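J.: Here it is: the structure, laid out below.
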Amino acid sequence: MRRTGAVAAVLVLAGATLGMAAGTAGAAPAEGSRAAAATVCPTGWGSGTKSGTFTGAEHLKNIRTGKHECFDRMVFDVPGGGNEIGYYVQYVDQFYTDPAGQHIPVAGGAILDIHVGAWSYDLEAGEQTYPGKVGEPLPDVNISGYSTFRDTRYGGTFEGQTQVGLGVRARLPYRVFQLNDRVVVDVAHSWTS
């Protein structure tokens, strides 16, 4: 009888301990703990055509990229462009230069055709302001290891705009916005957060 009572007491204590452990596991982390919070990625960007004011008054100096937790980013630097640098971005089946219509293969599951309102050539000085070569990958842009970006191709410069083909993993949501002296293109890693 005493043995049965001891076994019952051990089972009650074990149950209470498991109940406390389960309750603690679901509790909010204590203040100052280093528990990592889940990242919430933005959604709702869509994959339709995006455009902004087109001025084409300044010169493109640089194109750079960056990896972020929720998206890959491409930045077009246009010193002196202010907040009025135009852009026109859309998904296309194949990438063709404007206006010549030269087909340029771009690797990836989908292609973004990006037009930024800035020359890559200074007509008055007779020199390039951005060293891209038509049909070639963007100079000094390394996208190896990116989640979304797969390929970059320079499309040229014509009538106040520069064209770039950006190969991405799939037709994913993206956004485009203007900041002081630059245009930013973000392509999400997925359709959901």
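J.: Given the conditions (1) surrounded by 20 or more Cβ atoms within 10 Å (Cβ to Cβ); (2) closer than 20 Å to GLY48 by Cβ; (3) charged (D, E, K, R); (4) out of contact with any Phe, Trp or Tyr (no Cβ under 6 Å at 6 or more places or on another chain), and given that ARG169 satisfies all but one, which numbered condition is not satisfied?
T.: (1)
J.: Still on this model: One residue is enough: does region 79-88 have a residue meeting the conditions within 24 Å of SER190 (Cα to Cα) and either surrounded by 17 or more Cβ atoms within 10 Å (Cβ to Cβ) or under 14 Å from the mean Cα position of the chain (by Cα) (or both)?
T.: Looking only at region 79-88, we keep the residues that are within 24 Å of SER190 (Cα to Cα), and these are 87-88.
Still in the running and either surrounded by 17 or more Cβ atoms within 10 Å (Cβ to Cβ) or under 14 Å from the mean Cα position of the chain (by Cα) (or both): 87-88.
The answer is yes, given that some residue of region 79-88 is within 24 Å of SER190 (Cα to Cα) and either surrounded by 17 or more Cβ atoms within 10 Å (Cβ to Cβ) or under 14 Å from the mean Cα position of the chain (by Cα) (or both).
J.: I would also like to ask the following. Do we have any residue at all in region 111-133 that's under 18 Å from the mean Cα position of the chain (by Cα), of a type outside the set (A, V, I, L, M) and surrounded by fewer than 17 Cβ atoms within 10 Å (Cβ to Cβ)? Before you say what the answer is, go through the steps one by one.
T.: Initial filter on region 111-133 (under 18 Å from the mean Cα position of the chain (by Cα)): 111-116.
If we keep only those that are of a type outside the set (A, V, I, L, M) too, we end up with 113, 115.
Checking the rest, the ones that are also surrounded by fewer than 17 Cβ atoms within 10 Å (Cβ to Cβ) come to none.
Checked region 111-133: no residue is under 18 Å from the mean Cα position of the chain (by Cα), of a type outside the set (A, V, I, L, M) and surrounded by fewer than 17 Cβ atoms within 10 Å (Cβ to Cβ).
J.: Considering TYR146, TYR130, TYR121, which residue is hydroxyl-bearing (Ser, Thr, Tyr) and modelled with pLDDT under 95? Outline the logic, then answer.
T.: Working: TYR146 fails: modelled with pLDDT under 95; TYR130 fails: modelled with pLDDT under 95.
After applying the criteria, what remains is TYR121.
J.: Can you confirm whether PRO99 is surrounded by fewer than 16 Cβ atoms within 10 Å (Cβ to Cβ), out of contact with any Cys (no Cβ under 7 Å at 6 or more places or on another chain) and at pLDDT 95 or above? Full working, then the answer.
T.: Numbers: surrounded by fewer than 16 Cβ atoms within 10 Å (Cβ to Cβ): yes; out of contact with any Cys (no Cβ under 7 Å at 6 or more places or on another chain): yes; at pLDDT 95 or above: no.
Considered against the rule, which asks whether it is surrounded by fewer than 16 Cβ atoms within 10 Å (Cβ to Cβ), out of contact with any Cys (no Cβ under 7 Å at 6 or more places or on another chain) and at pLDDT 95 or above, PRO99 comes out as no.
J.: Report, ordered by the first and then the second residue, all pairs with beta carbons closer than 9 Å, sequence separation of six or more or different chains, a first member in region 151-172 that is at positive phi and at pLDDT below 95, and a second member that is among the hydrophobic types (A, V, I, L, M, F, W, C) and surrounded by fewer than 17 Cβ atoms within 10 Å (Cβ to Cβ).
T.: GLY160/PHE54; GLY160/ALA57
J.: Between a first residue in region 107-136 that is among the basic types (Lys, Arg) and a second residue that is assigned to a loop (DSSP other than H, G, I, E, B) and surrounded by fewer than 22 Cβ atoms within 10 Å (Cβ to Cβ), which pairs have beta carbons less than 9 Å apart while being 6 or more apart in sequence or on different chains?
T.: Filtered contacts from region 107-136: LYS133/PRO139.
J.: Mind checking which residues of region 134-158 are more than 14 Å from the chain's Cα centre (by Cα), crowded, with 17+ Cβ neighbours inside 10 Å and charged (D, E, K, R)?
T.: Residue satisfying the conditions is ARG153 alone.
J.: Then there's this: Kindly indicate whether any position in region 106-127 is under 26 Å from SER47 (Cα atoms), touching a strand residue (DSSP E or B) at 6+ places or on another chain (Cβ under 7 Å), of a type in the set (Asp, Glu) and not in a loop (DSSP other than H, G, I, E, B).
T.: For region 106-127, residues under 26 Å from SER47 (Cα atoms), touching a strand residue (DSSP E or B) at 6+ places or on another chain (Cβ under 7 Å), of a type in the set (Asp, Glu) and not in a loop (DSSP other than H, G, I, E, B): present.
J.: While we're looking at this one, here's another question. For the condition under 24 Å from the mean Cα position of the chain (by Cα), modelled with pLDDT under 95 and closer than 18 Å to VAL187 by Cα, what is the one hit in THR43, THR65?
T.: Step by step, each of THR43, THR65 is checked, and only THR43 is under 24 Å from the mean Cα position of the chain (by Cα), modelled with pLDDT under 95 and closer than 18 Å to VAL187 by Cα.
J.: Restricting to region 128-146, what's the tally of residues that are small (Gly, Ala, Ser) and either touching a strand residue (DSSP E or B) at 6+ places or on another chain (Cβ under 6 Å) or over 15 Å from ASP72 (Cβ atoms) (or both)? Steps first, answer last, please.
T.: Taking region 128-146 first, the residues small (Gly, Ala, Ser) are 132, 135, 144-145.
When the remaining residues are screened for being either touching a strand residue (DSSP E or B) at 6+ places or on another chain (Cβ under 6 Å) or over 15 Å from ASP72 (Cβ atoms) (or both), the result is 132, 135.
Residues flagged as small (Gly, Ala, Ser) and either touching a strand residue (DSSP E or B) at 6+ places or on another chain (Cβ under 6 Å) or over 15 Å from ASP72 (Cβ atoms) (or both) within region 128-146 amount to 2.
J.: Go through region 92-141 and count every residue that is among the polar types (S, T, N, Q) and within 14 Å of LEU166 (Cβ to Cβ). Talk me through it step by step, then tell me what you get.
T.: So the first thing to find is which residues in region 92-141 are among the polar types (S, T, N, Q), and the list is 94, 97, 102, 120, 128-129.
Pick out the ones that are also within 14 Å of LEU166 (Cβ to Cβ) and you get 94.
The number of residues fulfilling the criteria is 1.
The values are calculated or read from the model by the stated rules, or taken from the named source; none is laboratory data. Since the structure is predicted, the reported quantities are computational estimates derived from the model, not experimental observations. Neighbour counts are summed over all protein chains in view; Cβ atoms, including those assigned to glycine, are modelled from backbone coordinates with ideal geometry.
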